[in-house]
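Take a look at the structure set out below.
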Amino acid sequence: MRSLIERIRKCTGGGELKLPSKPGPASASLALPAPEAASTPPPLADLECLLLALLTDDELELILSALPLADVLRTPAICRRFRKLRPIGNRAVSYLVSIQERIGRPPRNPDGSLRPWQQEWTTLKVEQFRLSGQDQFATREYVEKNSSVSQMIERFHRSIGDMVEFGWPRHRAETVALLTTGNAALGRALREKDPCYGAAVHAISLRLFEQREAQKQVPQMMYTHLKGRHSLMELDQGWKDADQPGFKGLLAYSVTNCTRVKNNFTETGYALYINRNGKGSFDPVDSDVVAFESAPDDNFGCHMAILGAHANSARFPPLTYFTFQRVVPPGKWQAPGGLYPRQRLIVMRATYAAPPTPSAASACELASTADGPAAAPLVEGAPAAAPPPPLRYPRTAAEEQAQLEAAIHASLVATD
């Protein structure tokens, strides 16, 4: 808090901070004592009162927009006040719900160590089998004997190998490839605010965003089917109204998979890849096709599909908000491969926020402790008082603002 006050003094030349008030009255002024005038620093509570009680919402937004927001992450009272403003200032969007707001921080074991997602694997797969109607496999005994982590890595070795060849680090590829097979269970937990798969949800979200940061260009349009087996509607109930008039968008709780492989399209519409006894085929699906239009990042968030094993497959992370863009009539849009499918095309735009890095999450824990000792950092051995670094060095002022607003949004639950 003291460093924030000093920054305000420096921004205004020291002494008096002039702020524009609402239209009409003359501008307000807030007198701040010069540093040398105070023999002892004022109590922390007095400084909080100074900023929180005397400043209007508009004035507080003006100050925060002019300062590095890392200070705000370490100032719980300011975070709590900031949360009540137009969501996260006037740029970020309120629908970018952070994982912490749904299920809390990355979980820990009784000894204080971070719980790895592998500890949740058996329970996750049992629920996934049950949700997919495969009750005969939905037992811990079956999963531990036939679908353990090591067995699944071996089973998916070709897909994981393709991801590694495309530029994924192996540990990241293994995490995303395996946890995607539990997609319905992860989505159910996020939707119901159930922290039982907290480690898995945090892991897949962070690994997807890490890989997205390595992308060199905005991907082309990606596609999937709305209805039927392995469809958007089957995966997430929020898609059930996507084919109805007035549909504007939804917050998706599961990982959203999409493709632009030309074999996935026929003249009749989308074709789903099915593996039957080791032989693969593409079966046509009578369904609207949903297209995902990627775009560069802006102050509202991230909009790019995250490429998978090649440039023709992609995913969006959990808690992505999809907004309706337009509908293209059957036969009026060209699919990859040059065909014109006889199905409607529903075009959507994705928006998602960056998950906090482990070190940023540590800083959130520090910020949440207004009184008493700081919480232990999430990365063992990391300095407890380290400020949260940016996800990567920003290239523009707009990108820096977007990153900082995303970090603020992800941390606010820690300040309640």
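Taking θ as phi - 60° and the Karplus parameters 6.51, -1.76 and 1.60, the scalar couplings of the range 281-294 work out to 8, 10, 9, x, 10, 7, 7, 4, 9, 9, 10, 10, 9, 7 Hz in sequence order, x denoting glycine and proline. Relative contact order of the range 275-349, taken over Cα pairs closer than 8 Å and 6 or more residues apart, is 34 percent. Lysine pair count for the range 159-289 (Cα-Cα distance under 23 Å; residues 8 or more apart in sequence or on different chains): 7. Order by neighbour count: 165, 120, fewest other Cβ atoms within 10 Å first, most last. Result, fewest neighbours first: 165, 120. Summarising the amide proton neighbourhood of residue 344: residues at separation of 5 or more, or on other chains, whose placed amide H is nearer than 5 Å comprise 289. Close amide-amide hydrogen proximity is noted between residue 292 and 222, 223, 348, each under 5 Å apart and 5 or more residues distant or on a separate chain (H modeled in the peptide plane; Pro and chain starts excluded). Phi-derived couplings, Karplus 6.51 cos²θ - 1.76 cosθ + 1.60 at θ = phi - 60°, listed residue by residue for the range 213-230: 5, 8, 5, 9, 8, 6, x, 6, 4, 10, 9, 7, 9, 7, 10, x, 5, 6 Hz, with x used for Gly and Pro. The range 144-185 and the range 301-333 have their alpha-carbon centroids 22 Å apart. Only Cα pairs under 8 Å and 6+ residues apart enter the sum, and on that basis the relative contact order of the range 102-213 stands at 38 percent. Computed from the mean reciprocal separation of all distinct C-alpha pairs, what Kirkwood hydrodynamic radius does the range 102-213 have, in Å? When all Cα pairs of the range 102-213 are included, the Kirkwood radius is 14.6 Å.
No lab work stands behind these numbers, since they all come straight from the coordinates. Note that the coordinates shown come from a computational prediction; the quantities given were computed from them, not determined experimentally. Using ideal geometry, Cβ is built from the backbone for each residue, glycine included, and neighbour counts are taken over all protein chains shown.
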